[in-house]
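Derivation of every value follows stated rules applied to the coordinates shown; laboratory data play no part. Quantities reported herein were computed from a predicted structural model and do not represent experimental measurements. Here the Cβ positions follow ideal geometry from the backbone for every residue, glycine too, while neighbour counts run over all protein chains shown.
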Amino acid sequence: MNEIWQLIESTMNENSAPFQNENVRFEFNLTGDNPGVKQLILENGTAEVIDDTSTKADCKLTLSSKDFMKLLVGDLNSTTAFMFGKLKVDGSIGLALKLEGLLKEYRF
């Protein structure tokens with residue numbers, strides 16, 4: 001799973017235009033086969049993935065690692081996942097929707 005997080009960080013930093021004006025911190029609590037907690041910080045045109053979750057995230061997402069992979073490749077709609085209980089959001093639902101749109105800008 002660490003390779004996926006590295007890919008997310010490097011891919012987003014190679015093309016920061018889609019999140020150039022964002023200043024947001026997402027936290028992912030992944031369950032299932034590859035559990036873990038990471039934060040994705042988008043700030044000043046830079047993406048950073050960290051393990052430190054001591055700083056409060058603007059939007060926390062809880063989902064299985066399997067569904068996370070589906071979300072990354074565009075095979076899972078976040079609204080549908082939320083409605084069926086596959087995705088839990090703590091914080092701004094608007095940011096969660098924005099994240100899905102942002103991820104569509106990249107090919108993971």
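Being out of contact with any helix residue (DSSP H, G or I) (no Cβ under 7 Å at 6 or more places or on another chain) and of a type outside the set (Ser, Thr, Tyr) narrows it down to one of 38, 56, so name that one. Talk me through it step by step, then tell me what you get.
Values: 38 fails: out of contact with any helix residue (DSSP H, G or I) (no Cβ under 7 Å at 6 or more places or on another chain).
From the options 38, 56, the qualifying one is 56.
Between a first residue in region 42-66 that is over 14 Å from residue 28 (Cβ atoms) and a second residue that is of a type outside the set (D, E, K, R) and not in a loop (DSSP other than H, G, I, E, B), which pairs have beta carbons less than 7 Å apart while being 6 or more apart in sequence or on different chains?
43/23; 46/13
If we only count helices (runs of 4 or more DSSP H) wholly inside region 1-98, which ones have 2 or more residues that are among the aliphatic types (A, V, I, L, M) and within 14 Å of the chain's Cα centre (by Cα)?
Details: elements: 2-14, 65-73, 78-83.
Helices (runs of 4 or more DSSP H) meeting the threshold: 2-14, 65-73.
Show the residue pairs meeting these rules: Cβ distance below 6 Å; 6+ apart or different chains; first residue within region 86-99 and at positive phi; second residue assigned to a loop (DSSP other than H, G, I, E, B).
Qualifying pairs under 6 Å: 91/58.
Anything in region 21-45 that is under 17 Å from residue 103 (Cα atoms), out of contact with any strand residue (DSSP E or B) (no Cβ under 7 Å at 6 or more places or on another chain) and surrounded by 13 or more Cβ atoms within 10 Å (Cβ to Cβ)? List them, or say none.
Once the filter is applied, which keeps residues that are under 17 Å from residue 103 (Cα atoms), out of contact with any strand residue (DSSP E or B) (no Cβ under 7 Å at 6 or more places or on another chain) and surrounded by 13 or more Cβ atoms within 10 Å (Cβ to Cβ), region 21-45 yields only 45.
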